[in-house]
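Comments concern the structure below.
Each value in this text was obtained by applying a stated rule to the coordinates, not by laboratory testing. Note that the coordinates shown come from a computational prediction; the quantities given were computed from them, not determined experimentally. Counting neighbours? That spans all protein chains shown, and the Cβs are built from the backbone with ideal geometry, glycine included.
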Amino acid sequence: MLLGTAAPAQELEPRAYSNAPVGFNFLVVGYGRSQGGLSFDPALPIEDAKLKIDSAVFAYARTLDLWGKSGRFDVVLPYSHLSGSAMVAGQPAERQITGFSEPRFRLSVNLYGAPALSLQEFSRYQRDLVVGTSLQVSLPSGQYDPSRAINLGSHRWTVKPDIGFSKAFGAATLDVTASATFYGDNSDYYGGQTLEQAPLYATQAHLSWDFGGGIWAALGGTYYRGSRVTINGNTSLIELGNSHAGAMLALPVDRHQSVKFSLSSSIKTRTGSDLTAFAMAWQVRWGAGY
């Protein structure tokens, strides 16, 4: 499970459509730090951003049987502290704030190559080609102050459909996904304006390797483009066209627990400032008779 500390567009999630026995529960508690700018939102009148976001992330997931296909429901709730400085509308500004970001809910289903299996059946399962899809929704309930340009929440709904595949080659796994994020309008944007935002399109690719004993590592990258904004009927010519890369390492603690570490950084930033992020998480699983 991904522990994003800044923007959903910049998140890297290897093995998004891997299979698991039906009836497993996963609880994840993590910490992440991102440092740099806010390159995910071209609407903000911000330049020369030097910001740090420290986040505690709480997440829960459960594997499901969806019409004979393996699926998953998950919810992610970040609680963050943001601090730093930037030029806002040409004026220097500092910001420190603590609160919740928007919670995110997602339902995923593997359409091909990953049937719903019990724990006993899963022991005989051989990974090959898996094709899956998901739908993620975030609620406009995060911290938000319309009189300030920098907030942890965005005061609007977002809907993100995603589709992808995963292909195993022995111990290696290649997965590729594509998504589109659709934004609701924010009628109380920075000074009482109305913000509309065009969809943001993103693609990811990851290569992971199983070392045995539950240890695996992954390298991957994402490219995202679009998200042009309209404020009070005036459409901006600026849109995103940024790329991000990173690595993840997963280590088992025992049969029920594991820890994960991830590091990522901007490769090319067309709009906004470069961003680096680090995250670590503890995961515990139970259920399915295990």
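If I model a spin label at ILE163 and TYR125 as a point 7 Å from the Cα along the Cα→Cβ vector, what separation in nanometres do I get?
In this crude spin-label approximation the distance works out to 2.3 nm.
To the nearest 20 debye, what is the magnitude of the charge dipole of the range 8-287 about its Cα centre, counting +1 on the Cβ of each Lys and Arg and -1 on the Cβ of each Asp and Glu?
Details: 23 positive and 22 negative charges, 105 e Å.
Rounded to the nearest 20 debye, it is 500 debye.
Any chance you could list the semi-axes, whole Å, largest first, of the equivalent ellipsoid that the Cα gyration tensor gives for the range 48-194, using √(5λ)?
Values: eigenvalues 306, 53, 42 Å².
Computed over the range 48-194, the values are 39, 16, 15 Å.
Suppose a student asked you for the relative contact order of the range 76-209, using Cα pairs under 8 Å spaced at least 6 residues apart; what percent would you report? If you can, show how the numbers build up before the last one.
Values: 291 pairs, mean separation 24.7, N = 134.
18 percent.
Treat the range 124-189 as a sphere of radius equal to its Kirkwood radius over Cα pairs and apply Stokes-Einstein at 10 °C in a medium of 1.306 mPa s; give the translational diffusion coefficient in µm²/s, rounded to a whole number. Please report the intermediate quantities before stating the final value.
Details: Rh = 14.7 Å.
It comes out at roughly 108 µm²/s.
First select every other residue whose beta carbon is under 15 angstrom from the beta carbon of VAL28; then total the charges, Lys and Arg +1, Asp and Glu -1. Mind dumping the intermediate values first?
Details: positive: ARG15, ARG62, ARG72, ARG104, ARG106, LYS260, ARG285; negative: GLU11, GLU13, ASP74.
Combined, the nearby Lys, Arg, Asp and Glu give +4.
Counting pairs of alpha carbon atoms under 8 Å apart in space and at least six apart in sequence, what relative contact order in percent does the range 200-290 give? Working shown, then result.
On the way: 188 pairs, mean separation 19.4, N = 91.
In percent, rounded to a whole number, it is 21.
Pick from ALA16, ALA180, ALA171 the residue whose mean-square fluctuation is largest in a GNM of the chain, springs joining Cα atoms under 10 Å.
ALA171
Identify the residues of the range 83-125 with backbone N under 17 Å of a label point that sits 7 angstrom from the Cα of TYR60 along the Cα-to-Cβ direction, or state none.
103-108
Alpha carbon centre of the range 231-246 versus the range 159-192: separation in Å?
Measuring centre to centre over Cα atoms gives 16 Å.
State, to one decimal in nm, how far the label point of MET280 lies from the label point of LEU111, with both points 7 Å from Cα in the Cβ direction.
3.9
Contact order normalised by length for the chain, with contacts defined as Cα pairs under 8 Å and 6 or more residues apart; what percent is it? Walk me through the numbers on the way to the answer.
Numbers: 853 pairs, mean separation 55.8, N = 290.
Relative contact order here is 19 percent.
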